[in-house]
Amino acid sequence: FDTLSTLASCVYEIDETHAPTLARALTISYGSKKEGSALAVSELPSPCAPAACSIFEMDEYGDCLSGNSFVFLFPIIHAALTGPRNVPGCDAALTVLERHSAMLVGDEVDAAVKQLRKDMASTVLELLCHDRSQTFVNPSPYEALTSCYVTDDASPGLAAPEIAPLLGERGALGGENNRVAAMETLTAIALKQPKLVRGNPLIENRIWLNCYDKADRIKNAARRAWLVAHGHSADVDVGSTPLDPPTKMYAVPLLPLLSNEDSAIASAAAASFTHAVGMHPGTAEKNIVKLC
């Protein structure tokens, strides 16, 4: 603990008198859970005064911390946004996370923070799994997630592995809020990098799947992402504009989803598979045989 406190005192943006509090908050954030041999962040107890104080001080600074300081303290932000319970005094956690997305791109880009892009996105997606996500505004979790993937013309653009959180069980295969957020973020990505979205079979699959979900929020968000990736503007009328066909490789990532344990995803997979076959009738026999 003394060593951790000494390290915490090096966070120059926060008065060193708070170093023991930062150290306690970090210790609590890691809890007792383990993944393999490494400690894993877990949800905070409620209340948690050390975490509340730490987040207050990060927010009170009013600007981005240095890259090293933010990486060091990020587990506290992560823990505060994990789990179903609101932790008193930690409401600014999402604001702090979103503020530091500025360090992922542009003049303020920081190499250490860039390594956290996936973790930042995964943290927001974890928050979206719970009802309390609806209490966060300015930014909303949807805005914070999109901010994790902002790029500019001077940046090399996103790599497919960085988008992975958007495609999994807390993203495009998650609950309704998660799927809407993933689709809205993929729309923002498609505006800048349409070829990345169109050219990756897994990204294409996740959007195509959600284009045929029964929930209008999901369906409309997915159709907007699909249409934008195929050259339409962001304000396209998703209700009246026909969808461009998927690639002929549509079936490979789609077939396993037909037996997904989530009936909504299985249903969307069946509907999207049927429409893809209709657009590519030459693939019908081969792909139907795979179902048998």
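The values are calculated or read from the model by the stated rules, or taken from the named source; none is laboratory data. Computed from a predicted model, the values in this text were never measured in an experiment. In this analysis, Cβ positions are derived from the backbone assuming ideal geometry, glycine residues included, and neighbour counts consider all displayed protein chains. Ligands, DNA and RNA are excluded from the accessible area calculation, which covers all protein heavy atoms including side chains. Shrake-Rupley method; radii C 1.70, N 1.55, O 1.52, S 1.80 Å.
Numbers at a glance
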{"item": "Scope the range 75-91; condition open to solvent by 10 Å² or more (accessible area, probe 1.4 Å), assigned to a loop (DSSP other than H, G, I, E, B) and within 16 Å of ARG24 (Cα to Cα); matching residues", "result": "GLY89"}
{"item": "Residue match in the range 51-62 (condition: more than 26 Å from GLN134 (Cβ to Cβ) and either in a helix (DSSP H, G or I) or under 23 Å from the mean Cα position of the chain (by Cα) (or both))", "result": "yes"}
{"item": "Helices (runs of 4 or more DSSP H) contained entirely in the range 213-292, each with at least 2 residues that are open to solvent by 60 Å² or more (accessible area, probe 1.4 Å) and more than 21 Å from ALA181 (Cβ to Cβ)", "result": "263-279, 284-291"}
{"item": "Pairs with Cβ under 7 Å, 6+ apart, first in the range 42-63 and without any contact (Cβ under 8 Å) to a residue 12 or more places away in the chain, second open to solvent by less than 70 Å² (accessible area, probe 1.4 Å) and basic (Lys, Arg)", "result": "none"}
{"item": "Residue within the range 92-102 that is hydrophobic (A, V, I, L, M, F, W, C), modelled with pLDDT under 95 and surrounded by fewer than 22 Cβ atoms within 10 Å (Cβ to Cβ) present", "result": "yes"}
{"item": "Scan of the range 121-148 for residues that are of a type in the set (A, V, I, L, M) and without any contact (Cβ under 8 Å) to a residue 40 or more places away in the chain, ordered by number", "result": "VAL137"}
{"item": "Some residue of the range 192-211 being among the aromatic types (Phe, Trp, Tyr), more than 15 Å from the chain's Cα centre (by Cα) and open to solvent by 10 Å² or more (accessible area, probe 1.4 Å)", "result": "no"}
{"item": "Residues of the range 159-204 that turn out to be at pLDDT below 95 and polar (S, T, N, Q), as a count", "result": "2"}
{"item": "Residues within the range 164-182 that are part of a helix (DSSP H, G or I), under 23 Å from LEU116 (Cβ atoms) and open to solvent by less than 10 Å² (accessible area, probe 1.4 Å), tallied", "result": "4"}
{"item": "Residue in the range 104-112 that is open to solvent by less than 10 Å² (accessible area, probe 1.4 Å) and at pLDDT below 95 present", "result": "yes"}
{"item": "When residues of the range 241-292 are limited to those that are more than 29 Å from the chain's Cα centre (by Cα) and small (Gly, Ala, Ser), the one nearest to LYS214 (Cα to Cα)", "result": "GLY278"}
{"item": "Number of positions in the range 127-161 that are within 17 Å of ALA172 (Cβ to Cβ) and open to solvent by 20 Å² or more (accessible area, probe 1.4 Å)", "result": "5"}
{"item": "Residue pairs meeting the criteria (Cβ under 6 Å; at least 6 apart or on separate chains; first under 24 Å from PRO281 (Cβ atoms), in the range 229-250; second open to solvent by 20 Å² or more (accessible area, probe 1.4 Å) and of a type in the set (Asp, Glu))", "result": "HIS230/ASP244"}
